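Reviewing the structure listed below.
Values quoted throughout were computed directly from the atomic coordinates according to the rules given, and no laboratory measurement underlies them. All figures in this text were calculated on a predicted structure; none of them were measured in a lab. Cβ sites come from the backbone with ideal geometry, for glycine too, and all protein chains shown count toward neighbours.
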Amino acid sequence: MREINVKEITEAVKNLCMDANYELGDDVMTAFRRGLETEESPAGRGVFEALIENAEIARNERIPICQDTGFAVFFVELGQDVHIVDGLLTDAINEGVRQGYSEGYLRKSICDPFTRKNTGDNTPAVININLVSGDRLKIIAAPKGGGSTNMSRVTMLKPADGIEGIKNYVVQRAIEAGSNPCPPVIIGVGIGGTLEWAPLIAKKALLRPLGTTNPDPQLAEIEGDILKRINDTGIGPQGFGGRIYAMGVHIEKFPCHIASLPLAVNICCHASRHKEIIL
Amino acid sequence: MSDIIRLTTPLSDSDVGELKAGDQVLINGIVYTARDAAHKRLIDLLDQGKELPFDISGQIIYYVGPAPARPGKVIGPAGPTTSYRMDPYAPGLMERGLKGMIGKGSRSGEVIGAMKRYRCVYFAAIGGAAALIARSIKKVDIIAYEDLGTEAIRRLEVEDFKAVVVNDIHGNDLYKDGKERYCRE
Ligand code: SF4
């Protein structure tokens with residue numbers, strides 16, 4: 001058994017919250033630069049130019065890319081041979097969020113659903129824990145903004161709807177989302193599982209680096225097809241008109257019940273933030 | 001797209017009348033911030049027949065909830081929030097003289113109708129370009145609802161704040177026109 005003290009976890013989470021919000025990944029930066037070269041609409045190119053400059057300012061000044069520093073979402077892979085000492089894992093993560101959002105000048109955006117009273121420290125975090133083999137602890141922070149989350153959906157298709165039904169639903173969702181989720185976006189799609197599982201794998205799909213090909217050739221083909229159809233709508237960056245509404249479509253698939261075809265579409269804005277650490 | 005137009009608040013009816021969807025503008029002067037919770041309070045005041053906490057005539061409201069400022073900065077990152085959530089409140093404010101709104105995302109038919117009726121324009125700022133946008137904000141004062149934190153009403157002094165006209169008072173809509181221009185279906 002390897003021991004990990006909760007203090008170490010809190011410290012790591014604190015830093016992850018800040019870094020994820022200040023430093024946009026190289027994969028997204030590369031997609032911005034490609035967008036600047038290939039976007040046909042002048043207004044659209046202006047958007048990519050602004051987003052590149054914005055990300056550079058954020059990184060250099062250690063300030064958030066976006067004022068909406070998101071719901072603090074974590075994916076944790078806990079090795080079975082790890083023993084966490086001096087406290088609870090979830091408490092340690094929440095404490096890290098509390099410290100990171102306060103010391104890092106991040107916005108606190110979490111409130112009671114009825115009274116709308118802010119919790120004041122951006123807790124509680126949403127924490128997904130998976131047990132894995134080994135004696136390491138991997139923590140991925142993936143803060144998610146409200147604007148693009150509001151445009152995301154989960155639905156239960158009929159098995160008869162098939163692949164075509166899935167494609168149509170995702171394309172339609174993008175059209176309806178339009179300019180709201182700060183395009184250029186990345187679209188995470190979860191197919192299968194259960195009502196609660198599909199959105200989880202849709203969110204996980206967003207963690208795959210932008211610009212990589214899905215290892216499953218059939219899914220890769222579906223991704224390409226959906227991407228083309230969405231970009232052919234002409235909605236473009238920020239909805240100003242153009243060729244690039246989505247920079248990528250990422251699909252994850254899971255077996256489902258013989259009676260159902262769950263489908264989740266997680267629209268993620270260009271502020272696609274995630275950082276990980278292995279302890 | 002046309003040349004860049006400089007605007008200084010407060011806006012007059014003729015300033016507003018000249019703007020066309022797709023115009024790029026640089027806004028200078030005072031802009032007020034308000035988002036969900038502040039809008040609710042403003043409309044509650046109007047419903048009770050009370051005065052608003054600031055003179056809204058000719059003014060622009062920016063839908064934003066900034067991040068906290070680092071020491072030495074006037075404001076933290078401050079990009080637009082999605083506007084449709086303010087749709088239920090916007091016509092009531094236009095009736096009181098509001099001349100501009102800055103946000104992101106499309107508005108309801110009702111809001112667009114009210115914009116024509118009361119002569120008010122809707123601008124978009126680049127959603128998510130919050131660190132960049134903050135650079136055009138030079139001074140910040142909280143003028144109402146401090147208890148709302150990021151949602152408090154702030155009086156911003158802005159210099160060359162970049163925005164694009166989405167809906168003008170003549171019924172044009174950049175989101176529709178732009179999409180049609182580049183559509184390949
Ligand atoms: S959708 Fe994303 S980029 Fe847009 S305001 Fe929200 S967090 Fe920021």
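The figures follow:
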{"quantity": "Net charge over other residues, Cβ less than 15 angstrom from the Cβ of A:Asp121 (K, R count +1; D, E count -1)", "calculated": "+1"}
{"quantity": "Size of electric dipole in the stretch B:4-182: Cβ of Lys, Arg +1 and of Asp, Glu -1, about Cα centre, debye, nearest 20", "calculated": "440"}
{"quantity": "Burial ordering of A:Leu261, B:Leu93, fewest other beta-carbon atoms within 10 Å first", "calculated": "A:Leu261, B:Leu93"}
{"quantity": "Residues whose placed amide H lies under 5 Å from that of A:Gly248, excluding near-sequence neighbours", "calculated": "A:Ile187"}
{"quantity": "GluC sites (Glu not before Pro) within the stretch A:133-199: DSSP coil, no more than 10 neighbouring Cβ in 10 Å", "calculated": "A:Glu196"}
{"quantity": "Sorted by Cβ neighbour density within 10 Å, fewest at the top, the residues B:Lys99, B:Lys73", "calculated": "B:Lys73, B:Lys99"}
{"quantity": "Packing-based order for B:60-69, B:44-53, using average beta carbon neighbours within 10 Å, highest first", "calculated": "B:60-69, B:44-53"}
{"quantity": "Fraction of antiparallel bridges per DSSP, the stretch B:4-182 only, in percent to nearest 5", "calculated": "55"}
{"quantity": "Within the stretch B:1-38, backbone nitrogen closer than 15 Å to the virtual label 7 Å beyond the Cα of B:Ser57 toward Cβ", "calculated": "B:10-14"}
{"quantity": "Residues with amide H under 5 Å from that of A:Leu261, placed H, sequence gap 5 or more", "calculated": "A:Leu157"}
{"quantity": "Relative packing of A:33-40, A:4-11, which averages over residues the other C-beta atoms within 10 Å, highest first", "calculated": "A:4-11, A:33-40"}
{"quantity": "Value of [θ]222 nm, deg cm²/dmol, for the protein assembly as shown, DSSP H segments ≥ 4, -39500 (n - 2.57) each, nearest 500", "calculated": "-10500 deg cm²/dmol"}
{"quantity": "Electrostatic dipole magnitude of the stretch A:17-120 [Cβ: Lys, Arg +1; Asp, Glu -1; Cα centre; debye, to 20]", "calculated": "500"}
{"quantity": "DSSP beta bridge pairing in chain A, given as percent antiparallel to the nearest 5", "calculated": "50"}
{"quantity": "Two-site FRET efficiency, A:Ile278 against B:Thr8, from Cβ-Cβ distance with R₀ of 60 Å, rounded to 0.05", "calculated": "0.65"}
{"quantity": "Net charge, A:Glu3 excluded, C-beta distance under 15 Å - Lys, Arg +1, Asp, Glu -1", "calculated": "-1"}
{"quantity": "Exposure proxy order (Cβ contacts within 10 Å, fewest to most) of B:Lys104, A:Lys203", "calculated": "A:Lys203, B:Lys104"}
{"quantity": "The stretch B:23-31 - phi-based ³J(HN,Hα) in whole Hz, Karplus 6.51/-1.76/1.60, Gly and Pro as x", "calculated": "5, 8, 10, 10, 8, 10, x, 8, 9"}
{"quantity": "The stretch B:73-185: C-alpha gyration tensor shape, a/c 1.5 cut-off, then a/b vs b/c", "calculated": "oblate"}
{"quantity": "Cα-based convex hull, the stretch A:88-127, per residue volume (Å³, whole number)", "calculated": "62"}
{"quantity": "Antiparallel bridge percentage (DSSP; both residues within the stretch A:53-149; nearest 5)", "calculated": "50"}
{"quantity": "Inter-chain shielding of B:76-85 (mean C-beta neighbours from other protein chains, 10 Å cut-off)", "calculated": "6"}
{"quantity": "Cys residues of chain A counted as unpaired, since no other Cys beta-carbon is under 4.7 Å", "calculated": "A:Cys17, A:Cys66, A:Cys111, A:Cys256, A:Cys268"}
{"quantity": "Top positive-direction residue, dipole computed over the stretch A:13-103 with Cβ charges, set A:Met18, A:Met29, A:Leu51", "calculated": "A:Leu51"}
{"quantity": "Cα-based equivalent ellipsoid of the protein assembly as shown: semi-axis lengths in Å, sorted from largest, via gyration tensor", "calculated": "37, 28, 20"}
{"quantity": "Estimated dipole of chain A in Debye, rounded to 20 [Cβ of Lys and Arg +1, of Asp and Glu -1, Cα centre]", "calculated": "540"}
{"quantity": "Shielding of A:172-178 by partner chains, average beta-carbon count, 10 Å", "calculated": "1"}
{"quantity": "Average partner coverage of A:234-247, which counts Cβ from other chains inside 10 Å", "calculated": "6"}
{"quantity": "Gain upon complete extension [A:Ile175, A:Met156; 0.36 nm per residue less C-alpha separation]", "calculated": "4.9 nm"}
{"quantity": "Relative packing of A:241-249, A:48-56, which averages over residues the other C-beta atoms within 10 Å, highest first", "calculated": "A:241-249, A:48-56"}
